[in-house]
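**Q** Quick one: the structure is below, questions incoming.
The values are calculated or read from the model by the stated rules, or taken from the named source; none is laboratory data. Keep in mind that what you see is a predicted model, and the values were worked out from it rather than measured. Every residue, glycine among them, receives a Cβ derived from its backbone with ideal geometry; neighbour counts consider all protein chains shown.
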Amino acid sequence: MPWIVLLISAVFESVWATALGESAGLTHLTPTIIFFVALTISMAGLGWSAKHIPIGTAYAIWVGVGAALTVLYATIANHEPISALKVLFLTGIIAAVIGLKLAPGKATEEG
């Protein structure tokens, strides 16, 4: 369950990052509200997950998945160009996230 919550939190990290970009410095109301709601959900999920998954691993996965999703959305929405190198490095991020999940290690409570 902690891994599922962590991944959901990473999705919300991508949502708040995207909303922050759309908010024009927190001056547009709707994206600003989305930013704060998604930020709260994302941080709460990361905090809860970190009680069950070592913080270094949890944070790296949260950031990696969130960043990859943010770039993916920006590319699909035509806000950011895509290139072969960008795809290669995003694939590397996702491979690292999978590797962190599969790497043996002692969990704090449940893993």
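**Q** Return yes or no: is ALA95 within 22 Å of SER9 (Cβ to Cβ) and exposed (fewer than 13 other Cβ atoms within 10 Å of the Cβ)?
**A** Values: within 22 Å of SER9 (Cβ to Cβ): yes; exposed (fewer than 13 other Cβ atoms within 10 Å of the Cβ): yes.
So ALA95 fits the description; yes.
**Q** Would you point out which residue out of GLY56, GLY47 is modelled with pLDDT under 95, part of a helix (DSSP H, G or I) and either more than 23 Å from GLU22 (Cα to Cα) or touching a helix residue (DSSP H, G or I) at 6+ places or on another chain (Cβ under 6 Å) (or both)? Steps first, please.
**A** Values: GLY47 fails: modelled with pLDDT under 95.
Just a single option satisfies the conditions, and that option is GLY56.
**Q** Just the residues that are among the acidic types (Asp, Glu) and out of contact with any Ser or Thr (no Cβ under 7 Å at 6 or more places or on another chain), please, taken from segment 1-54. Before you say what the answer is, go through the steps one by one.
**A** Our first condition is that a residue be among the acidic types (Asp, Glu); within segment 1-54, this holds for 13, 22.
Result: GLU22, single match.
**Q** Please determine, by comparing only the residues of segment 1-41 that are under 20 Å from LEU100 (Cα atoms) and polar (S, T, N, Q), which one is surrounded by the most Cβ atoms within 10 Å (Cβ to Cβ).
**A** Filtering segment 1-41 for residues that are under 20 Å from LEU100 (Cα atoms) and polar (S, T, N, Q), the one surrounded by the most Cβ atoms within 10 Å (Cβ to Cβ) comes out as SER9.
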